[in-house]
1. So in region 154-195, with the set limited to residues that are open to solvent by less than 90 Å² (accessible area, probe 1.4 Å), assigned to a loop (DSSP other than H, G, I, E, B) and modelled with pLDDT under 90, which one is nearest to residue 123 (Cα to Cα)?
2. Filter region 59-78 down to the residues that are in contact with an Asp or Glu (Cβ under 9 Å, 6 or more places away or on another chain) and surrounded by 16 or more Cβ atoms within 10 Å (Cβ to Cβ), then identify the one that is farthest from residue 167 (Cα to Cα).
3. Output the residue which, of all residues in region 140-153 that are in a helix (DSSP H, G or I) and of a type outside the set (A, V, I, L, M, F, W, C), is most open to solvent (accessible area, probe 1.4 Å).
4. Looking at region 79-114 only, could you name the residues that are touching a residue at least 12 places away in the same chain (Cβ under 8 Å), open to solvent by 20 Å² or more (accessible area, probe 1.4 Å), among the small types (Gly, Ala, Ser) and in a loop (DSSP other than H, G, I, E, B)?
5. I need a count of the residues in region 108-121 that are under 13 Å from residue 64 (Cα atoms) and among the aromatic types (Phe, Trp, Tyr).
6. Would you please list the contacts, defined by Cβ atoms under 9 Å and residues six or more apart or on different chains, that run from a residue in region 1-30 that is touching a residue at least 60 places away in the same chain (Cβ under 8 Å) to a residue that is open to solvent by 90 Å² or more (accessible area, probe 1.4 Å) and aliphatic (A, V, I, L, M)?
7. Provide a single number: the residues in region 16-51 that are part of a loop (DSSP other than H, G, I, E, B) and either open to solvent by 70 Å² or more (accessible area, probe 1.4 Å) or modelled with pLDDT under 75 (or both).
8. Considering only region 115-139, state which residues are open to solvent by less than 50 Å² (accessible area, probe 1.4 Å) and charged (D, E, K, R).
Amino acid sequence: MSTAPAPRVVVVAGMHRAGTSAVARGLAALGVDLGDRLMSADVRMNARGFFEDVDVVALDDALLAAHGADWKSVATLADVDWDAPAHDAARAEARRILSARVARAPVFGFKDPRVPRLLPFWQRVLADLALPAAYVIAVRHPRAVIDSLTARDALDPRRSGWLWTVHTICALASTRGGPRVVVDYDRLLAAPARE
């Protein structure tokens with residue numbers, strides 16, 4: 001008698017325009033379920049799709065907003081107490097989302113470029129649910145990210161550089177000691193099977 005594999009979660013973390021969508025798409029090709037509530041593709045911004053769970057993105061946007069931040073602010077949120085009662089409702093919503101997703105597939109993955117600064121929040125929720133997690137960190141040369149953000153969003157290049165730094169440091173710091181792999185966007189495009 002075979003038993004179903006224990007559920008687990010794969011979290012894709014990385015800066016906007018750093019290849020997180022390509023990494024998520026690759027994980028889906030390898031059998032990681034990204035769910036059925038994915039954000040629609042946008043011809044101007046990401047024609048092949050974002051591969052972002054709309055419920056995760058909505059929750060992440062709300063968490064950032066609760067701390068006076070948004071996707072383009074450079075706040076690290078390092079001083080936030082994610083165990084505080086003020087986050088009880090958000091933690092309950094995150095548990096609901098993840099429980100529903102892993103009930104559907106034993107290996108669920110989610111990607112949201114907002115997540116590097118919110119990893120401590122998600123790690124607490126994963127621990128609450130006793131869900132093991134692995135992390136895939138997408139990186140791309142900062143100049144390419146800066147150029148892409150300047151073209152897409154008309155962001156000041158200095159802000160884009162700080163965003164790249166904050167997101168990359170947060171992703172690496174929050175996953176230190178855990179199961180993680182770093183995927184280089186340019187190498188992924190050049191040799192997808194090897195990368």
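The values are calculated or read from the model by the stated rules, or taken from the named source; none is laboratory data. Values in this document were obtained by computation on a predicted structure and should not be read as measured data. With ideal geometry, Cβ positions are generated from the backbone for all residues, glycine too; neighbour counts draw on all protein chains shown. For accessibility, only protein heavy atoms count, side chains too; no ligands or nucleic acids. Shrake-Rupley method; radii C 1.70, N 1.55, O 1.52, S 1.80 Å.
1. Only one residue tops the list, namely 195.
2. Per the criteria, the residue is 59.
3. The selected residue is 143.
4. Listed by number, the list is empty, since nothing qualifies.
5. Count: 1.
6. Between residues of region 1-30 that are touching a residue at least 60 places away in the same chain (Cβ under 8 Å) and residues that are open to solvent by 90 Å² or more (accessible area, probe 1.4 Å) and aliphatic (A, V, I, L, M), the close pairs are 19/189; 22/189.
7. Here the count works out to 13.
8. Scanning region 115-139 gives a single hit, 117.
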